[in-house]
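Taking it in order: structure first as structure tokens, then the write-up.
The values are calculated or read from the model by the stated rules, or taken from the named source; none is laboratory data. All of these numbers come straight from a predicted model, not from anything done at the bench. Positions of Cβ are generated from backbone atoms using ideal geometry, with glycine treated the same way; all protein chains shown enter the neighbour counts.
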Amino acid sequence: MRIEQIIKRNGTRVPYTRDRIATAIFKAASSIGGTDRDESERLAVIVEARMAQMYGKELPTVEDVQDLVETVLLEEGHINTSRAYITYRNRRAQRRESRADMASSTFNNIPYKKIYDVLRWNLDHGCESVEGLNRIMTAGKMPELVASCEKRYLGECRAAGENVLARIGDVRVIIVAGPSSSGKTTTTIKMMETLQKEGYSLKAINIDHYFFNLEDHPKDEFGDYDYETPQALDLELINQHLGQLLAGETIRTPNYDFHTGRCTLNVHELSLAPNEILLIDSLHGLYTDMTRSVADKNKFRLYIETLGQLRGTSGEFMRWADHRLMRRMIRDSWHRSHKPEETITHWHYVRKSELQHIIPYNATVDFLVNSAMPYEIPILKNKLFKYFPAAMEQFKNLPHRQDAYIRARRVFDLLDPLNEWTDDSIVPGKSLLREFIGGSEYKY
């Protein structure tokens, strides 16, 4: 009897894949120096065969599978790997408990009401699932979906601007924050359009110019330079300049060249006029030390996230971070000369930084914008899908790249049954998606 489904801890049924067992075993083995992926796959076959014998027509649970993995590892003589697997399993359980505690009132500090509103909107427009998107494309209704998505998003951006206007006497600095590739720049522009109608304007300070020289950046465990940590930025100089600007002084900000990795001081002159509000558009805008020289009452904090509620054919929802990963894979390829596969390997410390320096602070924001556009997923598939099988093959046997392999496999599985959309002309010139695929009417 072949095992086709297993039961998750929450009671739902999901497709069974042997590869997940092999990957878990390989991660455990590699943590103690193992490098043989083929042996992990051989052991996964044994686990699968034992499951079929033990359960027949009954569906095993995730816990059943994990218990069986431990048993097979011991029987096959992999005692040390078994111990490493038990440790790995316990750590995963602790992380689940931690996430459950955090989710008692919010998900990643996002109010449940906001997430529910997103899901309800998707249901109302038939785009809550891969099957729903396929139906929309088959019926020739993509233009209608694009228009609805853009209208909803623009409405939220305008509402953010109206909230600023309600506090215009106090607000001196607007912080636009959010995780990587959430669409902060386009959201800022659209909010600014609302402020301009009332005679106010934003003057941006480009935080990206405050990166230290590349050789001075922190590095990750692979020796790669880490752009994602706030410690890669000159926080002392940022706070000095913020204080000077709000005091009416003129400053000269640095200039950072991403191609050479060099920072030049005292390049761009910057000052604030009486009707101008200082804008900080940064991945780390909510990080406390970024703006410690500015009083809280003088800040307006806007948070952007891809709060997509798209269910795959497996029944699981697409992860917000995976959505943003695809956006960044495209943008990095033309903005930072990175190959899409390199973005996948880099993403592990993008997420690490987000969880350390962004998520803990987003509960303090003044307004939240959902930047997820359901219609963009079929377009992103057309541009990126070919890279995921190659990435899976490239990373599958590398012990220290299992995070990249798992992520590539997860996105591949989600996109595989989804139809592609090849006509970019359907994307409006001022769409947020243009920030990533190019061709925007805005100047970034």
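Of the listed requirements (1) more than 14 Å from D366 (Cα to Cα); (2) β-branched (V, I, T); (3) in contact with a strand residue (DSSP E or B) (Cβ under 9 Å, 6 or more places away or on another chain), V171 misses just one: (1). Looking only at segment 114-132, residues that are under 25 Å from D423 (Cβ atoms) and either modelled with pLDDT under 95 or in contact with a helix residue (DSSP H, G or I) (Cβ under 6 Å, 6 or more places away or on another chain) (or both) come to 4 in all.
State which residue is farthest from H259 (Cα to Cα) when the search covers only segment 313-339 and only residues that are part of a helix (DSSP H, G or I), in contact with a Lys or Arg (Cβ under 9 Å, 6 or more places away or on another chain) and of a type outside the set (D, E, K, R).
Among those residues, the one meeting the criterion is A321.
Criterion first (in contact (Cβ under 8 Å) with a residue 40 or more places away in the chain and either under 24 Å from A363 (Cα atoms) or surrounded by 18 or more Cβ atoms within 10 Å (Cβ to Cβ) (or both)) does D281 satisfy it? Spelling it out, D281 is indeed in contact (Cβ under 8 Å) with a residue 40 or more places away in the chain and either under 24 Å from A363 (Cα atoms) or surrounded by 18 or more Cβ atoms within 10 Å (Cβ to Cβ) (or both).
The set of residues from segment 185-216 being part of a loop (DSSP other than H, G, I, E, B) and touching a residue at least 24 places away in the same chain (Cβ under 8 Å) comprises E198, G199, Y200, N206, F212, N213. Y227 meets each of the listed conditions (1) part of a helix (DSSP H, G or I); (2) within 29 Å of H348 (Cα to Cα) apart from (1). Looking at G178, is it touching a residue at least 24 places away in the same chain (Cβ under 8 Å), farther than 19 Å from S282 by Cα and not hydrophobic (A, V, I, L, M, F, W, C)? When the stated conditions are applied, G178 does not pass them.
Just one of the listed residues (E228, E215, E150, E221) is modelled with pLDDT of 95 or more and acidic (D, E), namely E150.
Of all the listed residues (T81, T71), the sole one being part of a helix (DSSP H, G or I), free of Cβ contacts under 8 Å to residues at least 24 places away in the same chain and not charged (D, E, K, R) is T71. So for segment 166-184 (the condition being assigned to a helix (DSSP H, G or I) and over 24 Å from the mean Cα position of the chain (by Cα)), does at least one residue qualify? No. Counting just the residues of segment 161-212 that are charged (D, E, K, R), at pLDDT 95 or above and closer than 30 Å to E376 by Cβ, which one comes out surrounded by the fewest Cβ atoms within 10 Å (Cβ to Cβ)? Among those residues, the one meeting the criterion is K197. For segment 360-369, the set of residues classified as surrounded by 18 or more Cβ atoms within 10 Å (Cβ to Cβ) and either in a helix (DSSP H, G or I) or polar (S, T, N, Q) (or both) consists of Y361, N362, listed by residue number.
Could you say which residue among E236, E276, E228 is surrounded by fewer than 19 Cβ atoms within 10 Å (Cβ to Cβ), in the same structural domain as L165 (by TED's automatic domain parsing) and within 30 Å of the chain's Cα centre (by Cα)?
Going through E236, E276, E228 in turn, just one is surrounded by fewer than 19 Cβ atoms within 10 Å (Cβ to Cβ), in the same structural domain as L165 (by TED's automatic domain parsing) and within 30 Å of the chain's Cα centre (by Cα): E236.
Within segment 279-289, the presence of a residue that is over 29 Å from Y349 (Cα atoms) and in a strand (DSSP E or B) is excluded. The single residue among H284, H259 that is under 21 Å from I189 (Cα atoms) and at pLDDT below 90 turns out to be H284.
Here is the figure for segment 388-436: residues that are at pLDDT below 95 and among the β-branched types (V, I, T) total 1. Residues of segment 230-250 that are in contact with a helix residue (DSSP H, G or I) (Cβ under 6 Å, 6 or more places away or on another chain) and assigned to a loop (DSSP other than H, G, I, E, B): D234 alone.
Considering the conditions (1) closer than 26 Å to V14 by Cβ; (2) touching a Gly at 6+ places or on another chain (Cβ under 7 Å), A404 is excluded by exactly one of them, (2).
Scanning segment 10-68 for residues that are under 13 Å from Q402 (Cβ atoms), under 29 Å from the mean Cα position of the chain (by Cα) and either part of a loop (DSSP other than H, G, I, E, B) or not hydrophobic (A, V, I, L, M, F, W, C) (or both) returns D19, R20, T23, K27, S30, S31, R37. Of the residues making up segment 306-330, just one is among the acidic types (D, E) and either at pLDDT below 95 or in contact with a Leu (Cβ under 6 Å, 6 or more places away or on another chain) (or both), namely E316.
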